[in-house]
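Novice: The structure that follows is given in the form of structure tokens.
The values are calculated or read from the model by the stated rules, or taken from the named source; none is laboratory data. Quick caveat, the model's predicted, so the values are computed rather than measured. Quick reminder, even Gly has a Cβ in these numbers, built from the backbone with ideal geometry, and neighbours come from all protein chains shown. When the accessible area is computed, the model is the full protein with side chains, heavy atoms only, and any ligands, DNA or RNA have been set aside. Shrake-Rupley method; radii C 1.70, N 1.55, O 1.52, S 1.80 Å.
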Amino acid sequence: MQLCSPSSTINGSSADAGTMLPTSPLVSFLQSLQSAALKTFGPNSFDPKLYVDLPLKHSLAATKAAFSDLTQSPCDGKIPATELKVFLARYFEEAGSDLVLALPVDFVPEPAAFLPNVENPIVRAWALEVHSLWKNLSRRVSDSVKDHPEMHTLLPLPEPVVVPGSRFREVYYWDSYWTIRGLLASKMYDTAKAIVCNLISLIDTYGHVLNGARSYYSNRSQPPLLSSMVFDIYKRTGELALVKKALPALLKEHHFWNSGIHKVAIKDVHGRRHTLSRYYAMWNKPRPESATTDEESASKLSNDVEKEKFYRELASTAESGWDFSSRWMSNSSDLTTLSTTSILPVDLNAFLFKMEHDISFFAELVGDGFTSEKFMKASKARYAAMKSIFWNATMEQWLDYWLIDQSDDELVHQWKAENQNRNIFASNFIPVWMETYSSDRTNVNKIVNSLKRSGLVHAAGIATSLSNTGEQWDFPNGWAPLQHMIAEGLAKSGSMKARSVAEDIAIKWIKTNYAAYNTTGTMHEKYDVESCGKIGGGGEYKPQTGFGWSNGVVLAFLEEFGWPLDRDIDC
Ligand SMILES: OC[C@H]1O[C@H](O[C@H]2O[C@H](CO)[C@@H](O)[C@H](O)[C@H]2O)[C@H](O)[C@@H](O)[C@@H]1O
């Protein structure tokens, strides 16, 4: 494979964070269609995202004119269902039809040296089924997107793609990391590299990796894991070409997260000044993919200023990947108290610490000593900042820091102990995924003890939080990425005790995925950690199947821990 096809021209750097990016005419129109469809079809089984994913069959002008005729004399303020259905069939292609199923070039039914330590034949057969799911999730962007981008919200990408599945028809940023981990276990190195090339092309065009490859996602990113993708592929293949290609893009991405409104200065208890980052979307309107839901949630707010602030918090929370969770709310039963832009998140800064480390490593590899040194210094500075601002020695975990009672106009915040959020979330343990933390034996043992008494570890894995709010990034849901980062960090620490806790988490997780697969015939986006084989729920959309990161984590766990002949896979 050619390493990466030439990517689209650079439009310049991304707009200043905190500003509003303009809405495209197509997205605005599809949002009005979404709103009309809700009125017509009602809320049961209504998925607002479907409407903003619809590709046009005719020009936007012609489609708008026809829609306008339809809305001239609606009965009871709504378009009759039969008329709307006819309009939809006449003017739109099916959602997702602009991504064409494409067999990955490097897929073989049973790769050589596949999961050598999985000895149990039942588990091996299932792992091969999970491996075969890459065929269902692999696509290429249709030519019509490249030829007529104005008729699609889907963005053109130069290489084949792997999608999470179901309503998530397009590429997602942080999901891609665990997809890649699974592809590496599946020995599908070209497909893994293609994913990275696509994300680099987004940085070339927008200055950051988008939440997902849709025009309506351009106002925000997602947890920054591109450097980890490049690092893991390099470790596996030893090929320098991808590192060389990725390095300039990573420098741009680092700038995106460490400038403008993402960047926060804070003085610690000793008066030392640090710089950390936060999530902050360039958007203060309803998220187009969930506009009807967001408008409903905002309806109890009394004025436009409050609504705009709330909409920005919703989009910024989507940027965190944890949409939605009590983690970001000052009142866990009230979504309108989302305060994501006023929080310094542990996991985001841990990812950036790793990015700095990775960039330093990549720069060294390509012979750029100056950049390598610069980023080593940056990672050391963030390490010090994370210790001063997030680490809580009594709880022996890292805690999110709330920037409360201080306005954004203040140039430097002042750390106060009471602003650390003492609620327990899986994110409080994510730094252990980074080698710098996991290789410190004393620290790891403290973290293992703290994790064990946290209340997060359940029969079927690690819970996202301890609060059952009905939001999907809360109890009792467990998510594949969270299990993986914590277990991998502990497993690689060199502490036998930590490795055994990690293996226990991995076994529980594999068993619950297997049991649910056996009863439902599919892999799920999230699971309920209270009992083995139970799928997750809650949140703003129906639980999804497919599913990229769950498949990736099962394969990565089986690669790391194997499965002995005599270990039972049943719950
Ligand atoms: O449509 C609602 C939201 O859906 C996405 O978020 C969830 O799915 C993503 C894909 O698996 C995942 O990356 C994210 O962590 C999930 O919470 C989307 O990313 C959001 O932006 C969107 O508003």
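Novice: Work out the FRET efficiency for VAL105 and LYS235 from their Cβ-Cβ distance, taking R0 = 30 Å, and round it to the nearest 0.05.
Specialist: Calculated transfer efficiency: 0.85.
Novice: Taking the alpha-carbon distance from LYS511 and a cut-off under 28 Å, which lysines remain once sequence neighbours fewer than 8 residues away in the same chain are dropped?
Specialist: Correct list for LYS511: LYS135, LYS187, LYS446, LYS452, LYS492, LYS497, LYS526, LYS534, LYS542.
Novice: Please state the charge dipole magnitude for the range 251-370, taken about the Cα centre, from unit charges on C-beta atoms (+1 on K and R, -1 on D and E), reported in debye and rounded to the nearest 20.
Specialist: 460 debye
Novice: Additional query: Using the scaling law 2.2 N^0.38 Å as the reference, what is the normalised Cα Rg of the range 290-410?
Specialist: Against the empirical 2.2 N^0.38 Å value, I get 1.35 for the range 290-410.
Novice: A further question on this structure: Once neighbouring chains are kept in place and the probe is 1.4 Å, which whole percent of the accessible area of the range 224-267 is contributed by carbon and sulfur? Numbers along the way, then the final one.
Specialist: Values: 870 of 1530 Å².
Ligands and nucleic acids excluded, carbon and sulfur reach 57 percent.
Novice: For the range 178-322, what does the convex hull of the Cα positions come to per residue, in cubic angstrom? Intermediate values should be presented prior to the final figure.
Specialist: Numbers: hull volume 22.4 nm³, N = 145.
Given the Cα convex hull of the range 178-322, per-residue volume reads 155 Å³.
Novice: For the range 449-457, just list the computed ³J(HN,Hα) in residue order, Karplus coefficients 6.51, -1.76 and 1.60, θ = phi - 60°, integers in Hz, with x standing in for Gly and Pro.
Specialist: Per-residue couplings from phi come out as 5, 5, 5, 5, 8, 5, x, 7, 8 Hz.
Novice: Given 25 °C and 0.890 mPa s, how large is the Stokes-Einstein diffusion coefficient of the chain in µm²/s, with Rh as the Kirkwood radius over Cα pairs?
Specialist: For the chosen part, D equals 101 µm²/s.
Novice: Here's something else I'd like to know. About the Cα centre of the chain, what is the dipole size in debye to 20, counting +1 per Lys and Arg Cβ and -1 per Asp and Glu Cβ, all else neutral? Present the calculation step by step, with values, prior to reporting the outcome.
Specialist: Working: 57 positive and 65 negative charges, 158 e Å.
So the magnitude is around 760 debye.
Novice: Additional query: Between rounded, prolate and oblate, where does the range 405-472 land on the alpha carbon gyration tensor, with a ≥ b ≥ c its root eigenvalues, rounded for a/c under 1.5, else prolate if a/b exceeds b/c?
Specialist: oblate
Novice: Leaving out ligands, DNA and RNA, and with a 1.4 Å probe, what % of the accessible surface on the range 428-475 is carbon or sulfur?
Specialist: Values: 730 of 1690 Å².
Taking all protein chains in place, the range 428-475 shows 43 percent carbon and sulfur surface.
Novice: Pop out the ³J(HN,Hα) list for the range 149-161 in order, Karplus 6.51 cos²θ - 1.76 cosθ + 1.60 with θ = phi - 60°, rounded to Hz; leave Gly and Pro as x.
Specialist: x, 6, 9, 9, 8, 5, 9, x, 10, x, 10, x, 10
Novice: Any idea of the accessible area per residue across the range 231-328, 1.4 Å probe, to the nearest Å²?
Specialist: I get 38 Å² per residue for the range 231-328.
Novice: If each Cα of the range 166-224 is one equal point scatterer, what is log10 of I(q)/I(0) from the Debye formula at q = 0.21, 0.27 Å⁻¹?
Specialist: These q points yield log10 I(q)/I(0) values of -0.80, -1.14.
Novice: Calculate one ³J(HN,Hα) per residue across the range 310-320 by plugging θ = phi - 60° into the Karplus curve 6.51 cos²θ - 1.76 cosθ + 1.60, and present them in order as whole Hz with x for glycine and proline.
Specialist: 5, 4, 5, 5, 4, 5, 5, 5, 4, 4, 6
Novice: Counting DSSP beta bridges with both partners in the chain, what percentage is antiparallel, nearest 5?
Specialist: Within the chain, antiparallel bridges account for around 90 percent of the total.
Novice: Could you check the simple spin-label distance between LYS377 and ARG441, using points 7 Å along Cα→Cβ, in nm with one decimal?
Specialist: 3.4 nm
Novice: Whole number in Å², please: accessible area per residue of the range 66-186, 1.4 Å probe, ligands, DNA and RNA not counted.
Specialist: That works out to 44 Å² for each residue.
Novice: Hey, another quick one. Identify the residues of the range 501-523 with backbone N under 12 Å of a label point that sits 7 angstrom from the Cα of ARG124 along the Cα-to-Cβ direction, or state none.
Specialist: Output list for this probe position: empty.
Novice: For the range 414-571, what does the alpha-carbon gyration tensor say about shape, rounded, prolate or oblate, given a ≥ b ≥ c as the root eigenvalues, a/c under 1.5 as rounded, and a/b over b/c as prolate?
Specialist: Oblate is the answer for the range 414-571, as a/c is 1.5 or above yet b/c matches or exceeds a/b.
Novice: While we're here: At 1.4 Å probe size, with no ligands or nucleic acids counted, give the accessible surface of TRP415 in Å², nearest ten.
Specialist: 40 Å²
Novice: Please list the non-local residues whose amide H lies under 5 Å from the amide H of ILE535, H modeled 1.01 Å from N, same-chain partners needing a gap of 5 or more.
Specialist: Long-range HN contacts for ILE535: ASP528.
Novice: Run the accessible area of the range 286-384 with a 1.4 Å probe and give the carbon-and-sulfur part as a rounded percent.
Specialist: 51 percent
Novice: Turning to a different aspect of this structure: Mind checking the dipole of the range 104-207: about its Cα centre, +1 per Lys or Arg Cβ, -1 per Asp or Glu Cβ, Debye to the nearest 20?
Specialist: Result for the range 104-207 is approximately 200 debye, rounded to the nearest 20.
Novice: Another question, if that's okay. Go ahead and estimate [θ] at 222 nm for the chain from helices alone: -39,500 (n - 2.57) per DSSP H run with n ≥ 4, summed, over the residue count, rounded to 500.
Specialist: Helix contribution divided over all residues of the chain: -14500 deg cm²/dmol.
Novice: Go through LYS534, LYS300 and list them by solvent-accessible area, largest first, probe radius 1.4 Å. List each step's numbers first, then the result.
Specialist: Numbers: LYS534 90, LYS300 130 Å².
My answer, sorted largest first, is LYS300, LYS534.
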